[in-house]
Amino acid sequence: MNSMVPKVSVITPNYNHAPYLKERIDSVLNQTYQDIEVIILDDCSTDGSREIIEGYRNHPHVTNIVFNKSNSGSTFKQWEKGIELAQGEWVWIAESDDWCESNFLEELMYHIGRSEEQLSIAFCQSYYYYMETGLLRTLELPRKLVQIISKDFFIQERLLPNNLIMNASMAIFKRELYWEVSPYYKDFRFCGDWVFWAELSLLGDVLELGKHLNYFRKHGRDVTGKVNKSGYNFIEELKALTYFKNVLRAPKEYINESLVQRYDKFQKRKSSLEDHVVDEIQASFETVMDGGMLKDMQNRYRNENRFRKLKGLLSRLRGIGR
């Protein structure tokens, strides 16, 4: 390392990601930016991850390897364990099933060094990589190669209506600010990172890099996919939006836009969800939505359903008439 204290602490929390683990760790250790320490955490995996991790024990950049004796049940608790061990000025949560370009850190640290603002987060763009098809997908390209977003506007510009730091692996953050963030994000199983980035962004400006340097792997074992399939993503997202609204005081119009999006998605998916999950989601909407807004949305969908039924009936009658 270039100094006794590394500039960046890389934390890789793992649970049963043995098939992807070597590619992940190698993509960290092969960074062109080498002023790093690497902390590998395993949450009591049962798939051979331990043997892979042990192969890195003597690597000069690997400062800590921790195997839990029992599963913590939360990736966010693992984040905190790693941060407690970290020594770097910046922290990178390099999720165990993702990977990145070799210049990921070099690009971010270069632009951080050129910035005069007090930054809390720096992030690049990310590809979604779908394992089943081999398809790469990305969101709309940013308008600028590098931009600094004020802490006063980051939530409404990048976290609402949706979280554009959709994968922790695409971002780094200032370690000293972590201790000013509420522990509330650890109450979530799925979208605690959304709350985490929101709170952290209020503590400093955010650097956004327009380059795609991260790969967010989507596969059958990822938590996001499982939660989305069950429908519980709606409950967690609405819990987060309630926090954005009542605690973080995010602008009402951005909260409402996010709620409308989620209500639309819920209506399209509710027929595939279990009845008790539908009831929970509906109750969550009633908690966070203004009564008038929820009533308008419900009326809209009733009218659309009536229209679809009428359209179907007319189509059948035309068929009979022929």
Quiz item: So which residues in region 88-119 are touching a residue at least 24 places away in the same chain (Cβ under 8 Å) and of a type in the set (D, E), if there are any at all?
Solution: E89, E95, D97, D98, E101, E106, E107, E117
Quiz item: With (1) outside the structural domain of S120 (by TED's automatic domain parsing); (2) closer than 22 Å to Q125 by Cα as the list, and L238 as the residue in question, which single condition is left unmet?
Solution: (2)
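Can you confirm whether region 120-133 contains a residue that is touching a residue at least 40 places away in the same chain (Cβ under 8 Å) and over 23 Å from R217 (Cα atoms)?
Checked region 120-133: at least one residue is touching a residue at least 40 places away in the same chain (Cβ under 8 Å) and over 23 Å from R217 (Cα atoms).
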Quiz item: Of all residues in region 52-78, how many are out of contact with any strand residue (DSSP E or B) (no Cβ under 6 Å at 6 or more places or on another chain) and not in a loop (DSSP other than H, G, I, E, B)?
Solution: 4
Practice problem: With respect to E54, determine if the residue is without any contact (Cβ under 8 Å) to a residue 24 or more places away in the chain, exposed (fewer than 15 other Cβ atoms within 10 Å of the Cβ) and under 24 Å from the mean Cα position of the chain (by Cα). | Solution: no
Quiz item: Does D47 qualify as being farther than 25 Å from Y178 by Cβ and among the acidic types (D, E)?
Solution: yes
Quiz item: touching a Phe, Trp or Tyr at 6+ places or on another chain (Cβ under 9 Å), under 18 Å from V5 (Cβ atoms) and not hydroxyl-bearing (S, T, Y) - does that describe any residue in region 63-78?
Solution: no
Exercise. Please specify each residue of region 90-118 satisfying the condition of being surrounded by fewer than 17 Cβ atoms within 10 Å (Cβ to Cβ) and not in a helix (DSSP H, G or I).
Key: S102, N103, S115, E116, E117, Q118
Quiz item: If you go through region 199-217 one residue at a time, do you hit one that is in a helix (DSSP H, G or I), surrounded by fewer than 17 Cβ atoms within 10 Å (Cβ to Cβ) and out of contact with any Phe, Trp or Tyr (no Cβ under 9 Å at 6 or more places or on another chain)?
Solution: no
Quiz item: Has region 151-160 got any residue that is touching a residue at least 60 places away in the same chain (Cβ under 8 Å) and either closer than 17 Å to V10 by Cβ or in a loop (DSSP other than H, G, I, E, B) (or both)?
Solution: yes
Quiz prompt | Residue that is surrounded by fewer than 19 Cβ atoms within 10 Å (Cβ to Cβ), within 27 Å of C191 (Cα to Cα) and modelled with pLDDT of 95 or more, where the choices are P13, P19 | solution = P19
Quiz prompt | Number of positions in region 25-61 that are closer than 25 Å to L108 by Cβ and in contact with a Leu (Cβ under 8 Å, 6 or more places away or on another chain) | solution = 9
Practice problem: Residue by residue through region 232-256, note down the ones that are more than 19 Å from P183 (Cα to Cα), in a helix (DSSP H, G or I) and in contact (Cβ under 8 Å) with a residue 60 or more places away in the chain. | Solution: Y254, I255
Quiz item: What single numbered condition from (1) more than 14 Å from the chain's Cα centre (by Cα); (2) in a helix (DSSP H, G or I); (3) in contact (Cβ under 8 Å) with a residue 12 or more places away in the chain; (4) not assigned by TED's automatic domain parsing to the domain that holds E157 fails to hold for D264?
Solution: (3)
Quiz prompt | Residue satisfying all of: in region 35-61; among the β-branched types (V, I, T) and out of contact with any Asp or Glu (no Cβ under 8 Å at 6 or more places or on another chain); nearest to V5 (Cα to Cα) among these | solution = I36
Practice problem: Go over the candidates S102, S115, S126 one by one and state the one that is within 24 Å of D205 (Cβ to Cβ), small (G, A, S) and out of contact with any helix residue (DSSP H, G or I) (no Cβ under 6 Å at 6 or more places or on another chain). | Solution: S115
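The values are calculated or read from the model by the stated rules, or taken from the named source; none is laboratory data. Everything quoted here is computed from the prediction, not taken from an experiment. Virtual Cβ from ideal backbone geometry, glycine too; neighbours counted across all protein chains shown.
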